[in-house]
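The structure appears below as structure tokens.
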Amino acid sequence: MTLRRSFMKWGLGVAAGAATRSFAQAPAAKYAPMFPVEKDAQLRLLRWSGFIKADEESWNANSKKFQEATGVPVSIEYITWEDVRPKAAMAANLGTGPDLVMGWYDDPHIYPQRLVDVSDLAEDLGKRLGWYDVARAYGYSKQMNHWIGVPIGGAVQALNYRISWMKEAGFDKFPDTTDGLIKLARGLKEKGHPMGFALGHAVGDGNAWTHWWLWAHGGKAVEADDKTISINKQETWTALEKVRELHAQMAPGVASWLDPNNNRAFLAGEVSITNNGISIYTAAKKDFPQIAQDMDHANFPVGPVGKPTELAVFSQAFIFKYSRFPNAAKEYLRFMLSPEQAEPWVDSMNGYITPALRKYRELPVWTRDPKATPFRDGIARMLPNSYAGSPGQHAAAALADFVVLDMFADATVNGHTPKDAAKRAEGRLRRIYRG
Amino acid sequence: MAAWRLSLALDRRAWFGPALVVPAAALLGLLLAYPLGLGVWLGFEDAKIGAPGNFIGVENYQYLLDDPVFRLTAMNTALYTIVTVALKLLLGLGLALVLNQRFGGVRFWRSVLLLPYVVPTVLSAFAWWWIFDPQFSFISWTLAKLGLLKHNIDFLGDSWLARGSLMIANIWRGTPFFTIGYLAGLQSIPTDVYEAAQIDGARGFRVFREITWPLLTPLTVILTTFSAIFTFTDFQLVWTITRGGPANATHLFVTLAYQRGIVGGSMGEGAAIAGVTLPALAVLAWAAMRAIRERT
């Protein structure tokens, strides 16, 4: 191990030397870094592959600008979004790997003690550009009492629906309550246009809608103390009773849906409503213009709790303590999230990622096509996946183990009573949150 | 001087043998035994990704015994392995007997038969995923067009249908392993044995029962045990097509271990789930080794 680490250090040293020789060292005079960037710094970033090509192109162009401004080269490794967690965890365990990572959900809270305190950076960005509430929940560690993650944004979801079919079912506008949604779903099914939400192990879509529905009815996995399991309660039973009504209106086959299924079914006209990011609309505009014309998006309706309770896949960046260039890494994130760079980047993504900073809600990407606006607003309406607890290993395990999603599948597809389904989920949560 | 001493040492039989074995043993120890040992050890810890674990004895295993998802997974794995290996054996043997005959295009059909085995599993898994799609399955579409169905078949949404669908995909992929193995076995049986049987008046199924099958038995043990090992540890088909859903109805030990240990970060519990497979795999490996030894 020591030998391998030494070799890697030696390799990095040589690479750093080569890099500093080949790139112009004189930073652009205009750029004034907030952090004292280390001499001969170079960075390795691990991040998720862009949901659209323009994301990576824009991110790469901005990284090049950073190099021109500071002399710090950044090599970026793009991998499938679901693979970031194991790879970042491996780096955390071994103490070697990328300097910084753009990960998902609870990632930084799984190994908070191994991450650089980024409070100064987070507070600077927050002061200038304003964090949404959910950003603080994901970026700030209650365990460490400082910021360990720099929130990037969420792959916000909305309900995609067909306008003409909704009108056919007797609705002029999309309902804004969960009961209204059940009524609309019933009307749509009667007209031969059922809706569909994923009940298979769909990491993004399945988790998003089941958590929203549970929270909308006042249910939650755990209390704010991160110890008391509160899934097996009246609110959950009500949520499960209600979801049975909703499930009865859904298209056959949703029990097996993974993330891509609802996109295909919606674009094929097999379902009238589904939950998704903006990708269905983007694909429709390209290949099915008549569907793009006839579809729109709505934020998830509000349930009996009376306030929005949405969930989106949320990304934040974090820097490992083992990095030799923590200041360069912080400066890089500051640079990339500052308006000069972030605005064209966000714009290029056409609504796939909604930034965690309020300032970027003013960008034209959210209003030049009004059908994109719900994706802007969703981030202000979301709760962290750990709700009502804090992000961390326990919440990450519960989400990865599909505890809530399987509880919904048990109560609908598998025919368990709401109480039985909640009891099974409670057993698993007790195990996950023990100790 | 040193080279001369080394040369002298290697000339001694007691040194030469071990010297040849050491590099391979070190490699195996480093890449196989150490990770395996570490994995077994992790199963006795409450280790999470990114944090060191504490020794908790058999607590992970105690929990798993009470866990309905684990029990369901154990049932799934046993069923998946037994049913698919049995059917792969029957189909593989049948196809090998056919392809062992002389007929036009036999070489072509032998090559075609290998395709399921050589196509990367993840690609064939995607193909099967489409075939079993609840909305776009060509099977449902064809049956509906023929007027035999009113609704699409929910191949992956119903627990038992989902298990059955995955088994079909596994059988499709794994049958050529038996076919090719049996084909090689059939061709190694000397023709004079069959000629002698014919002179004695034996025909058809009797020849198969009295000559072919007994001579193929050692090979059957080898093929079955290896296939059982591959099937028992199947990951890609299940993870690509169902991710263990719906509601954990299709999880196998390895997919559940991955979901909880790697994606969910509960390394100790994931390692314990993987550890459960070790005794069964050890028995299978022992059986395979023994059969190979007997055959050779």
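Tell me the helices (runs of 4 or more DSSP H) entirely within the range B:46-137 that contain at least 3 residues that are closer than 30 Å to A:H109 by Cα and within 14 Å of chain A (Cβ to nearest Cβ).
Values: elements: B:59-66, B:68-99, B:106-118, B:121-131.
Result: B:59-66, B:68-99.
Every listed requirement among (1) in contact with a Leu (Cβ under 7 Å, 6 or more places away or on another chain); (2) surrounded by fewer than 18 Cβ atoms within 10 Å (Cβ to Cβ); (3) not hydroxyl-bearing (S, T, Y) is met by B:F205 save one, (1). Checking each residue in the range B:153-178 for being touching a Ser or Thr at 6+ places or on another chain (Cβ under 6 Å), within 14 Å of chain A (Cβ to nearest Cβ) and of a type in the set (A, V, I, L, M) picks out B:I153, B:L156, B:A162, B:L166.
Checking B:G201, B:G181, B:G185 one by one, the residue that is away from chain A (no Cβ under 14 Å) and on the phi > 0 side of the Ramachandran plot is B:G201 and no other. The residues listed here are A:R114, A:R128, A:R136; of these, the one that is in contact with a helix residue (DSSP H, G or I) (Cβ under 6 Å, 6 or more places away or on another chain) and among the charged types (D, E, K, R) is A:R114. Is one or more of the residues making up the range A:310-332 over 26 Å from A:A88 (Cα atoms), touching a residue at least 24 places away in the same chain (Cβ under 8 Å), in contact with a Phe, Trp or Tyr (Cβ under 7 Å, 6 or more places away or on another chain) and not in a loop (DSSP other than H, G, I, E, B)? Yes - at least one qualifying residue is present in the range A:310-332. B:I262 falls short on exactly one of the conditions (1) in contact (Cβ under 8 Å) with a residue 40 or more places away in the chain; (2) more than 14 Å from chain A (Cβ to nearest Cβ); (3) surrounded by fewer than 20 Cβ atoms within 10 Å (Cβ to Cβ), and that condition is (2). A single member of B:V221, B:V193 is in a helix (DSSP H, G or I), farther than 30 Å from A:V203 by Cα and without any contact (Cβ under 8 Å) to a residue 24 or more places away in the chain, and it is B:V193.
Take the residues in the range A:260-292 that are at the interface with chain B (Cβ under 9 Å from one of its Cβ atoms) and not in a helix (DSSP H, G or I), then tell me which one is modelled with the highest pLDDT. Among residues in the range A:260-292 that are at the interface with chain B (Cβ under 9 Å from one of its Cβ atoms) and not in a helix (DSSP H, G or I), the one modelled with the highest pLDDT is A:V271.
On the stretch given as the range A:400-419, residues that are facing chain B (nearest Cβ under 8 Å), within 17 Å of A:V222 (Cβ to Cβ) and not in a loop (DSSP other than H, G, I, E, B) total 2. Residues in the range A:157-177 that are closer than 14 Å to A:T274 by Cα and assigned to a helix (DSSP H, G or I): 3 in all. Residues in the range A:71-86 that are under 20 Å from A:A61 (Cβ atoms) and of a type in the set (S, T, N, Q): A:S75 only.
For every residue, the table says whether it meets (1) under 30 Å from B:F136 (Cα atoms); (2) away from chain B (no Cβ under 14 Å); (3) at pLDDT 95 or above; (4) crowded, with 21+ Cβ neighbours inside 10 Å.
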{"residue": "A:W213", "(1), (2), (3), (4)": "yes, yes, yes, yes"}
{"residue": "A:H217", "(1), (2), (3), (4)": "no, yes, yes, yes"}
{"residue": "A:W237", "(1), (2), (3), (4)": "no, yes, yes, no"}
{"residue": "A:L246", "(1), (2), (3), (4)": "yes, yes, yes, no"}
{"residue": "A:G253", "(1), (2), (3), (4)": "yes, no, no, yes"}
{"residue": "A:L258", "(1), (2), (3), (4)": "yes, no, no, yes"}
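The values are calculated or read from the model by the stated rules, or taken from the named source; none is laboratory data. Fair warning: this is a prediction, and the values are worked out from it, not measured in the lab. Don't worry about glycine lacking a Cβ; one is built from the backbone with ideal geometry, like all the others, and counts go over all protein chains shown.
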